[in-house]
Amino acid sequence: MRELSRPRRVLLCIAVLAQVCTIAITWPLWQVRIDVPNLPVADFPQLSFGILMLISLVAVLIWPTRGAWGHLAVLLLACLADQTRLQPQFFTIWALLLATADERATPVVRWYLVTIWLWTGAHKFLSPDWYAHCSFHIGRSLGLEEKQVLEQFVLAIVIAGSEVVLGILAWVKPRWGTIGCLMLHLGIAAFLSPLGSDWNYSVIPWNFCMALIGGWILWQANTRLPKGKLESRALIVFLIIPAGFYAGLVDRSFAHVLYSKNYPSALITKMDGSIELVDGWGDLAVPFPPERRLFRQYFELTAEPGEKLHIFEPRVWLEDEYLIKRGTGNARSVSRATFHQSATDVVEGIELDSSRLMLFLSRAGVTMKRRTKQSMVFAVAFDQDEQIELLPSLGGLPNTEQLMLNGTSVDDSDLEQLPELLKLSAIGLNDTNVTKNGLAALSKLPSLNYLEFDGRSYSGDELRNLIESSQE
């Protein structure tokens, strides 16, 4: 390391140490694993990449620039062998490592950091879930109560805004950005520590590295605009690439989507009727990379014939996906209606509930019931008139089987706003403003077989005749 100045030598050692700590925290992730998630790009030889990663980091200390590129090569090979390793912290720490190892890379990495902060905040601003259960969980960790809705909203704005402001400062006032960089990332590290919460420990070294090396990069930067073609082109690429996330073209890990929850989730319905949320963690200490192709690959590797997968997609330009495992072959996409149907050798599919809707309903006092703590909502009860305005949103609870509206002011027009709930089998409408004519709206509920209305209960042929007569 003789060619490096003393500050660079120190910071290079910090970057190497941060990567070593991150690898140590996630050590099982880098080993040869028989059990899934083990998601190779192709038939790739399985190696114990943990030792190789550490050896490549030793090479960085001896030959900084060449070692940094060699470490990236080992990291990419490890990800080809198992895409579960596609986690943002490993790649961002590498970029910071390169910035300290090669002074030519330092200004380029600065623009990379600028776009990280800009896009991380922008994704939060663009995510409806960020203002709901994401900020709710963060607020709860900070001592806010569920009913402190305004405080949670302000918290969501402040966090997202601080990231965007830091990106702007890093662009136009880099030395001011140094202060913001230290405050933001040291604060995140403290929040994620055992003293703050039980969240993702594997990103704590990353945040320390961002605070120290990112702050140093900004402090010694002296331009507002990129110098030369390399910096200019790099900035344009760094700004454009994350936008591809919304079209499903760029992985979350490379689009700087952090904690905003605007990425897909997946739920597997097992043949015995149980469910599995595909979320990773466990001994690997990292989340499952939330990419549609990886959910599908995991499903194909683990599912039994007849089991089903729902991929919930919050991005507005992309649709939910419903899949079924047939034989020993690949998973096949099916319609939503087919997904909910069952047969002798095919399970009835279960969809993911909307966490955002559940929070809104809970705040409004709506009663929701599950059969177990891990299962989806199967029964919903409204008992206050002001809750009725949330009725059209029940599509976010697609597994609802029972809906109780007894004693509320629900009327015919409200029933017309009721979404098509494929599993809704029972509804209570006693003591409401619904008339017989309004029951025509119930014809869109294919599984309905029980109704409480006008002081009576209807089922079977009697219920079907009642609905048919309301349509005349």
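When the residues of the range 382-408 are filtered to those that are among the hydroxyl-bearing types (Ser, Thr, Tyr) and open to solvent by less than 40 Å² (accessible area, probe 1.4 Å), the one that is farthest from LEU448 (Cα to Cα) is THR408.
Here is a yes/no grid of residues against (1) more than 27 Å from LEU218 (Cβ to Cβ); (2) among the β-branched types (Val, Ile, Thr); (3) open to solvent by 10 Å² or more (accessible area, probe 1.4 Å):
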{"site": "CYS13", "(1), (2), (3)": "no, no, yes"}
{"site": "ASP35", "(1), (2), (3)": "yes, no, yes"}
{"site": "LEU39", "(1), (2), (3)": "yes, no, no"}
{"site": "VAL58", "(1), (2), (3)": "yes, yes, yes"}
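For the range 312-329, name all the residues that are assigned to a loop (DSSP other than H, G, I, E, B) and either closer than 20 Å to GLU420 by Cβ or under 25 Å from the mean Cα position of the chain (by Cα) (or both). Once the filter is applied, which keeps residues that are assigned to a loop (DSSP other than H, G, I, E, B) and either closer than 20 Å to GLU420 by Cβ or under 25 Å from the mean Cα position of the chain (by Cα) (or both), the range 312-329 yields GLU313, PRO314, ARG315, VAL316, TRP317, LEU318, GLU319, ASP320.
Of all the numbered requirements in (1) in a loop (DSSP other than H, G, I, E, B); (2) open to solvent by 70 Å² or more (accessible area, probe 1.4 Å), GLY349 misses one, and that requirement is (2). Here PRO194 meets each of (1) modelled with pLDDT under 95; (2) in a helix (DSSP H, G or I); (3) surrounded by fewer than 20 Cβ atoms within 10 Å (Cβ to Cβ) with one exception, condition (2).
Would you point out which residue out of SER443, SER469 is out of contact with any strand residue (DSSP E or B) (no Cβ under 8 Å at 6 or more places or on another chain), among the polar types (S, T, N, Q), within 13 Å of GLU416 (Cα to Cα) and loosely packed, with under 15 Cβ neighbours inside 10 Å?
Numbers: SER469 fails: within 13 Å of GLU416 (Cα to Cα).
Result: SER443 is the single residue among SER443, SER469 that is out of contact with any strand residue (DSSP E or B) (no Cβ under 8 Å at 6 or more places or on another chain), among the polar types (S, T, N, Q), within 13 Å of GLU416 (Cα to Cα) and loosely packed, with under 15 Cβ neighbours inside 10 Å.
I'd like to check something: does the range 362-381 contain any residue that is of a type in the set (A, V, I, L, M), farther than 29 Å from ILE268 by Cβ and loosely packed, with under 15 Cβ neighbours inside 10 Å? Before you say what the answer is, go through the steps one by one.
Taking the range 362-381 first, the residues of a type in the set (A, V, I, L, M) are 364, 366, 368, 376-377, 379-381.
This time we only want the ones that are farther than 29 Å from ILE268 by Cβ, so: 364.
Within this subset, residues satisfying the condition of being loosely packed, with under 15 Cβ neighbours inside 10 Å are 364.
Yes, the range 362-381 has at least one match.
When THR22, THR26 are checked against the criterion of being hydroxyl-bearing (Ser, Thr, Tyr), within 27 Å of ARG296 (Cβ to Cβ) and open to solvent by less than 80 Å² (accessible area, probe 1.4 Å), THR26 stands alone in meeting it.
Within the range 103-121, does at least one residue satisfy the condition of being open to solvent by less than 50 Å² (accessible area, probe 1.4 Å), more than 30 Å from SER5 (Cα to Cα) and either of a type in the set (Lys, Arg) or at pLDDT below 95 (or both)? So far as the range 103-121 goes, no, none of its residues is open to solvent by less than 50 Å² (accessible area, probe 1.4 Å), more than 30 Å from SER5 (Cα to Cα) and either of a type in the set (Lys, Arg) or at pLDDT below 95 (or both).
Comparison of LEU309, LEU277 shows that the only residue that is modelled with pLDDT of 95 or more and over 11 Å from the mean Cα position of the chain (by Cα) is LEU309. In the range 61-93, the residue that is nearest to the chain's Cα centre (by Cα) out of those that are among the β-branched types (Val, Ile, Thr) and closer than 25 Å to VAL114 by Cα is THR92. Contact annotation: residue pairs with Cβ atoms under 6 Å, 6 or more positions apart or on different chains, pairing a residue in the range 156-175 that is under 14 Å from LEU126 (Cβ atoms) with a partner that is among the polar types (S, T, N, Q) and part of a helix (DSSP H, G or I), are ALA156/SER135; GLU163/THR120.
Would you confirm whether any residue within the range 166-178 is more than 30 Å from GLN220 (Cβ to Cβ), touching a Lys or Arg at 6+ places or on another chain (Cβ under 9 Å) and either open to solvent by 20 Å² or more (accessible area, probe 1.4 Å) or at pLDDT 95 or above (or both)? Taking every residue of the range 166-178 in turn, none turns out to be more than 30 Å from GLN220 (Cβ to Cβ), touching a Lys or Arg at 6+ places or on another chain (Cβ under 9 Å) and either open to solvent by 20 Å² or more (accessible area, probe 1.4 Å) or at pLDDT 95 or above (or both). Would you call GLN148 over 21 Å from PRO88 (Cα atoms) and open to solvent by less than 40 Å² (accessible area, probe 1.4 Å)? Taking the combined requirement at face value, the residue does not satisfy it.
The values are calculated or read from the model by the stated rules, or taken from the named source; none is laboratory data. Predicted model, so just to flag it, every value in this text is computed and none were measured. Using ideal geometry, Cβ is built from the backbone for each residue, glycine included, and neighbour counts are taken over all protein chains shown. Heads up: the accessible areas ignore ligands, DNA and RNA and are worked out on the full protein's heavy atoms, side chains in. Shrake-Rupley method; radii C 1.70, N 1.55, O 1.52, S 1.80 Å.
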